[in-house]
Amino acid sequence: MLININNLYLYKKMPKSNEIFKPTISFNHLCIDTLPIQEAPKFLLRCIKNIEKNREGYFTYGSLIEFMNERCEDINYYKGSGIKSRENIKQYWRYANSDKHSAKIPDFKKYINSYESI
């Protein structure tokens, strides 16, 4: 059984690799290419949109990072000038939530719900 654990703290910390997420209905209707944000957060959103999910629509943070690493050179996912460090891919989530980082995704917490197994 899963319980929704969304809160402000959740989005200020880095997820653990086994942390479970599910895109919201708002995310499913999002047009990523028209968002006025940098390419790195668009890459994160494209990967969230296309990662394989279970029957209920869930995925883990660890599987997302693996998916992103496998697609960081795919122009269908990353359309920028190139990812300079694969190590930074793990930080994209934090950047997307940071008020101080230029790769912030406005209202990111509206797009993804976090869950915990009980």
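Restricting attention to the stretch 66-85, does a residue exist that is hydrophobic (A, V, I, L, M, F, W, C), in contact (Cβ under 8 Å) with a residue 40 or more places away in the chain and part of a helix (DSSP H, G or I)?
no
I'd like to verify a number: residues in the stretch 17-39 that are touching a residue at least 24 places away in the same chain (Cβ under 8 Å) and β-branched (Val, Ile, Thr), how many?
So the count comes out to 3.
List every residue pair whose Cβ atoms lie under 7 Å apart, where the two residues are 6 or more positions apart in sequence or sit on different chains, the first residue falls within the stretch 86-112 and is free of Cβ contacts under 8 Å to residues at least 12 places away in the same chain, and the second residue, located anywhere, is part of a helix (DSSP H, G or I) and surrounded by fewer than 20 Cβ atoms within 10 Å (Cβ to Cβ).
Sorted first by the residue in the stretch 86-112, then by its partner, the pairs are HIS101/TYR95.
Filtering the stretch 20-61 down to residues that are touching an Asp or Glu at 6+ places or on another chain (Cβ under 8 Å) and assigned to a helix (DSSP H, G or I), which residue is surrounded by the most Cβ atoms within 10 Å (Cβ to Cβ)?
Once the filter is applied, the top-ranked residue is LYS42.
Laboratory data are not the source of any read-out in this text; all were calculated from the coordinates shown. Everything numeric in this text was worked out from a predicted model, so none of it was measured. Positions of Cβ are generated from backbone atoms using ideal geometry, with glycine treated the same way; all protein chains shown enter the neighbour counts.
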